[in-house]
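J.: Encoded as structure tokens, here's the structure I'll be asking about.
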Amino acid sequence: MLGFQPYETFQLLIESGGVDRTNTLLIAACDAYARRGRPTNPEMEQFEALASRLFPIAGPQAKAKGAAILGRAETLSPTLEALVVANIGEDMGEFLQRSDEISEATLIEIIARGDVAAASMIAHRPDLSNVVLAKLFQMNSRKVYRALAANGAIAPRGAYLSALARSAQMDHIVAESLAERDDFDCALLAPAFFDLSDDHRIKVIKAFTNRQTPVAPIKKTIELLSVANQELTKALMKLFSENRRPEVTKLLSQISGLDEVRCGQIAHDVTGASLFVVLRAFGCSAYDGLKVLIHATSHDQERSRALADFATLFGNVTPESMAYLMSAWRGEVNLLDLAKPEYKAFTQTSRRTPMLAPAHNPVVEQAIEALARIGAKRAG
């Protein structure tokens, strides 16, 4: 069989030898099968019979070693897969990573064991069926959800989208992985806003570009306060220019309807992303808003580019959408409503009139330079 001694010879060796000989036969047979390449059906049937006889009577170490070797074979039948999974032990992860094809039944059996490490390896695979995915999403494991969030082969739609969005609220690593993806609606990461990296916070805001949103509960609070934009921006600019961030926290707490802890995060966010959300929610224009952001942010070399991005965002996101984002921070909205057709982002590109990148927009750059020169004087 398989280019070496015939099946009958193995049978005689098993019957006449002890456990030691069985261990040697098992490892030799698995190695021969793994080296064979793609076997014929008769060869596979013969090896199934042989392996099914050898594995139960071999020693623990030989079982694990034989299963690890067998797991590297090009083709495994369901019977052989079951033998590998039952005996491979600590090498399960390598088997799940290296094997190009593993049957649905075998994957489901592994998941059913509740082995989080093995399930997370499965969650990284690009060939998962809906049945296997459903089993994985049912597991209450951060490690599994982190793998699912990073798996670009899994389309975030329907129940999968809901599960990933909920997981992102509880696990910043899941949130970061989803923010890296181009096929995930970053607006759904609003509750995890303050756990995200600087670039990903901007990505969340950009997800509200040219987008209608449901009415935000916090909008009524903003309207009742009726703070004059010029007074608000003047007060914030003065406080930020003097680095009086604790007082900024108190002011934001008084006017925004957010709790003091959240306002403290906004006041100390040197990226300016969360402050932009508040300013735009109150209807501030790019000119007035940038006067505040210039003093609130600390970007060094990337300062102009970041402020240019904010200048563009002032024109592309509505006060209503930023009020909705603030309501998401308070847990007052069901973000999955944004998946409805009427609330999906509207994007339209034109080859004839390509958009000018914000960082290279001379008008924006001139405005930022002018604001930088006069901001400190006006703050005084």
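J.: Please identify the pairs in which a residue from region 319-346 that is farther than 17 Å from Arg201 by Cβ and of a type outside the set (A, V, I, L, M, F, W, C) has its Cβ atom under 7 Å from the Cβ atom of a residue that is at pLDDT 90 or above and part of a helix (DSSP H, G or I), counting only partners at least 6 apart or on another chain.
T.: Pro319/Arg280; Pro319/Ala281; Gly331/Pro191; Tyr343/Asp337
J.: Okay, next question. Only one of (1) touching a Lys or Arg at 6+ places or on another chain (Cβ under 8 Å); (2) under 22 Å from Val215 (Cα atoms); (3) modelled with pLDDT under 90 is not met by Ile255, so which one is it?
T.: It is condition (1) that Ile255 fails.
J.: Next question. For a quick check of your reading: which helices (runs of 4 or more DSSP H) sit entirely within region 32-122 and have at least 1 residues that are under 30 Å from Arg142 (Cα atoms)?
T.: Details: elements: 41-57, 60-70, 78-87, 92-98, 104-112.
Helices (runs of 4 or more DSSP H) meeting the threshold: 60-70, 78-87, 92-98, 104-112.
J.: Continuing with the same structure: Which of the residues belonging to region 177-204 are among the hydrophobic types (A, V, I, L, M, F, W, C) and not in a helix (DSSP H, G or I)? Reasoning before the result, please.
T.: Quick first cut of region 177-204, residues among the hydrophobic types (A, V, I, L, M, F, W, C) only: 178-179, 184, 186-190, 192-194, 196, 202, 204.
Those that are among the hydrophobic types (A, V, I, L, M, F, W, C) and not in a helix (DSSP H, G or I): Phe184, Leu196.
J.: I need a count of the residues in region 176-194 that are surrounded by fewer than 19 Cβ atoms within 10 Å (Cβ to Cβ) and out of contact with any Gly (no Cβ under 8 Å at 6 or more places or on another chain). Break it down stepwise before answering.
T.: Our first condition is that a residue be surrounded by fewer than 19 Cβ atoms within 10 Å (Cβ to Cβ); within region 176-194, this holds for 180-183, 194.
Keeping just the survivors that are out of contact with any Gly (no Cβ under 8 Å at 6 or more places or on another chain) gives 180, 182, 194.
The total comes to 3.
J.: Moving on to the next point. Looking at region 193-209, I want the residues that are on the phi < 0 side of the Ramachandran plot and have a partner that is assigned to a loop (DSSP other than H, G, I, E, B) and among the hydrophobic types (A, V, I, L, M, F, W, C) with Cβ atoms under 6 Å, at least 6 apart or on another chain. Which pairs are those?
T.: Phe208/Val317; Thr209/Val317
J.: Another question about this same structure. I need a count of the residues in region 206-222 that are assigned to a helix (DSSP H, G or I) and either touching an Asp or Glu at 6+ places or on another chain (Cβ under 6 Å) or crowded, with 16+ Cβ neighbours inside 10 Å (or both). Even if it seems obvious, please write down each step before you answer.
T.: To start, the set of residues in region 206-222 that are assigned to a helix (DSSP H, G or I) comprises 206, 218-222.
Applying the additional criterion that residues be either touching an Asp or Glu at 6+ places or on another chain (Cβ under 6 Å) or crowded, with 16+ Cβ neighbours inside 10 Å (or both) yields 206, 218-219, 221-222.
Residues that pass the stated criteria total 5.
J.: Take region 161-174 and flag every residue that is of a type in the set (Gly, Ala, Ser) and either outside the structural domain of Ala134 (by TED's automatic domain parsing) or over 10 Å from Arg146 (Cβ atoms) (or both). It would help to see each step written out before you state the result.
T.: Of the residues in region 161-174, the ones of a type in the set (Gly, Ala, Ser) are 162-163, 165, 167-168.
Answer for region 161-174, where residues must be of a type in the set (Gly, Ala, Ser) and either outside the structural domain of Ala134 (by TED's automatic domain parsing) or over 10 Å from Arg146 (Cβ atoms) (or both): Ser162, Ala163, Ala165, Ala168.
The values are calculated or read from the model by the stated rules, or taken from the named source; none is laboratory data. None of the values given here were measured: they were computed from a predicted structure. With ideal geometry, Cβ positions are generated from the backbone for all residues, glycine too; neighbour counts draw on all protein chains shown.
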